[in-house]
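The values are calculated or read from the model by the stated rules, or taken from the named source; none is laboratory data. Please read these numbers as outputs of a predicted model, since none were measured by experiment. Here the Cβ is made from the backbone with ideal geometry for all residues, glycine too, and neighbour counts use every protein chain on show. These area figures cover heavy atoms from the full protein model, side chains too; ligands, DNA and RNA do not enter into them. Shrake-Rupley method; radii C 1.70, N 1.55, O 1.52, S 1.80 Å.
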Amino acid sequence: MTQRNPNKKIELQGVRFVQEVVQENHSIFRDFSGDDQGNDCYVEFVQNGFATNYGVFLQIKSGKTYKDSLGYKVKADQPHLKYWSQGLNLTILVVFDPEIKKAFWVDVTTYLNNNPHVLLHSSHTIRVDKFQEFSIETFSAFLLYCIKFREILSSYEKYGRALEWFANLQNPDICYEGLKALYSNHREKPSTWFYIISTFSKIDQEGIRRNILGLISNYFNPDIFWHVGNIEYFQSEELCAQLSFLLTKCFSKRDIELALYYMEDGITKGSFSYLVFLIINAIDDVHEILKDIAFESNIDNSKRNFCFWLYIQIAKFHSIKETIKTTNEYLNKFPCGEDDEAILGVKESIEQGELWPLG
């Protein structure tokens, strides 16, 4: 029997608390707590009912280890302190106290700028003001605090640094910080998405690739990214078209193969695999790429069948006749397909004129 980390439950309590605060204020919460790149969520600010096209990444600490007789604290070593001080984004830490069900926050970036001497220490404990509460009632003040940094972080000088950091592929922490800065502060620039999409298959760090897919998926699945109270203000048709164009032009066969990894456990609406499906479905000729992959001779049969099943799901909306013809060719060439009920089921539904979309 596997043993569950007892701290995980407490950590998730903190994430869920922050999510409730954000959504109760009609802003947008993007959960990254399942990833391994350091941040737990991204908060997109909505002000007076309008999306600001700006937000911040949060690191959430939960549990009694962050509490003492004076209040709350976060201890960090010298490499982390230096990394935060040179970062391209606001570093916001939120400490959740599960005993009283309250959270408190600290702007680490400004703290380090005002106290540069702590960078000389091997470690340093950052105090979290117990009067700086992160709650439904205080969220508007938190929003205003973060937004005042927007102009500084969005400058062209910062844009250049973000690109340089994102290009530092040999250092995952720096690369990820660059990705965060590009998305938080420069995502209105088409060149930002060109760099992000073009770099996807060049990145070895699986966690960063997953984050890239998560960020792109925001523009193809608004029900996941936007709150029901502000969806009407989501003005992204032009950007969605631009992203689809860039994905079609820049996502190669290698990129598709990497994306398939995130869908191998099945595609169900609301899951991360479904978000990845929405991305590749935005690529004009992805069904042709999937067909090429499925007909290769050097892949595992289960992966082959999944890839071809995905091909059928997309190709049927391009040409029913061609899809049925290709399916028959596949079943003749690869007997493993005859044992796959999913493939046979989709084939039968197409032949009966039932074209149900995934999800």
Exercise for the section: Name the one entry in Lys316, Lys321, Lys303 that is at pLDDT below 95 and more than 20 Å from Ser273 (Cβ to Cβ). Expected result: Lys321
Exercise for the section: Would you be able to say whether some residue in segment 174-194 is under 22 Å from Leu243 (Cβ atoms) and β-branched (Val, Ile, Thr)? Expected result: yes
Handout entry: Selection within segment 99-119 - touching a residue at least 60 places away in the same chain (Cβ under 8 Å) and surrounded by fewer than 17 Cβ atoms within 10 Å (Cβ to Cβ)
Key = Lys101
Exercise for the section: Would you check which residues across segment 136-158 are at pLDDT 95 or above and touching a helix residue (DSSP H, G or I) at 6+ places or on another chain (Cβ under 6 Å) and list them? Expected result: Ile136, Phe139
Handout entry: Odd one out for Gly345, checked against (1) surrounded by fewer than 16 Cβ atoms within 10 Å (Cβ to Cβ); (2) closer than 26 Å to Asp31 by Cβ; (3) at pLDDT 90 or above
Key = (2)
Exercise for the section: Could you tell me whether Ile174 is part of a helix (DSSP H, G or I) and either among the β-branched types (Val, Ile, Thr) or out of contact with any strand residue (DSSP E or B) (no Cβ under 9 Å at 6 or more places or on another chain) (or both)? Expected result: yes
Exercise for the section: For Leu258, indicate whether it is over 13 Å from the mean Cα position of the chain (by Cα), modelled with pLDDT of 85 or more and either open to solvent by 10 Å² or more (accessible area, probe 1.4 Å) or more than 26 Å from Asn25 (Cα to Cα) (or both). Expected result: yes
Handout entry: Residue among Leu81, Leu58 that alone is modelled with pLDDT of 85 or more and either over 25 Å from Glu177 (Cα atoms) or over 19 Å from the mean Cα position of the chain (by Cα) (or both)
Key = Leu81
Exercise for the section: Tell me, please, whether a residue that is among the β-branched types (Val, Ile, Thr), surrounded by 12 or more Cβ atoms within 10 Å (Cβ to Cβ) and without any contact (Cβ under 8 Å) to a residue 24 or more places away in the chain can be found in segment 136-156. Expected result: yes
